[in-house]
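Okay, structure first, notes after.
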Amino acid sequence: MQWNIENSLVCPVTGTGFSVAASAKNLKLIIWYNGDYFLNTGSVINITQNEVLINGEPGDLQVIHAFPYTEILWSTFARYIDCPGNEDPMLLICHRRSLCKFALCPYGARQKRPE
């Protein structure tokens, strides 16, 4: 089954991600996951009998939970998950990197150097 990622958030407190995934039949889920890959908007997940492919490549994606999509639930996640990159994916410097559980920022931001 193929799932297209329509939106994503990361949670720096838990080191996990949340993504809205839509199937060809417009079934939508919010996937809460952990893994070595950040699901960007436009990413494609293919689930086969033997493997999970992310953008055509094997990926380590551990689904923690899948929620039925509702706009209210997604808006709640977006409101309360506090990561500067969720609002500005082009962020270069993050003032909160020292508090983040991600070893590397999913958005590519660096920690501000002390002056």
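The values are calculated or read from the model by the stated rules, or taken from the named source; none is laboratory data. This structure is a prediction, so every number in the text was calculated from the model and none was measured. In this analysis, Cβ positions are derived from the backbone assuming ideal geometry, glycine residues included, and neighbour counts consider all displayed protein chains.
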*State all residues of segment 53-86 that are under 15 Å from Leu29 (Cβ atoms) and buried (at least 17 other Cβ atoms within 10 Å of the Cβ); if no residue qualifies, say none.*
Leu61, Tyr69, Trp74, Phe77
*In segment 1-24, which residues are free of Cβ contacts under 8 Å to residues at least 60 places away in the same chain and either outside any strand (DSSP E or B) or hydrophobic (A, V, I, L, M, F, W, C) (or both)?*
Met1, Trp3, Ile5, Val20, Ala21, Ala22, Ala24
*Mind counting the residues in segment 24-46 that are closer than 13 Å to Tyr69 by Cβ, exposed (fewer than 14 other Cβ atoms within 10 Å of the Cβ) and at pLDDT 95 or above?*
1
*Identify, from the list Thr48, Thr41, the residue that is more than 25 Å from Leu104 (Cα to Cα) and of a type in the set (Val, Ile, Thr).*
Thr48
*Can you find even one residue in segment 13-23 that is exposed (fewer than 14 other Cβ atoms within 10 Å of the Cβ), modelled with pLDDT of 90 or more and over 15 Å from the mean Cα position of the chain (by Cα)?*
yes
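For (1) over 19 Å from Pro12 (Cβ atoms); (2) in contact with a strand residue (DSSP E or B) (Cβ under 6 Å, 6 or more places away or on another chain), each residue gets a yes or a no:
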site: Ser43; (1), (2): yes, yes
site: Asn46; (1), (2): yes, yes
site: Gln62; (1), (2): no, yes
site: Cys83; (1), (2): no, yes
site: Pro89; (1), (2): no, no
*Select from segment 25-36 the residues that are in a strand (DSSP E or B) and either charged (D, E, K, R) or touching a Pro at 6+ places or on another chain (Cβ under 9 Å) (or both) and write down the one among them that is nearest to Gly108 (Cα to Cα).*
Ile30
*Would you be able to tell me the number of residues in segment 20-42 that are of a type outside the set (Asp, Glu) and over 15 Å from Met1 (Cβ atoms)?*
12
*For segment 47-73, name all the residues that are in a strand (DSSP E or B) and either of a type in the set (Ser, Thr, Tyr) or modelled with pLDDT of 95 or more (or both).*
Ile64, His65, Ala66, Phe67, Pro68
*Would you pick out the residues in segment 37-46 that are within 14 Å of the chain's Cα centre (by Cα) and not in a loop (DSSP other than H, G, I, E, B)?*
Val44, Ile45
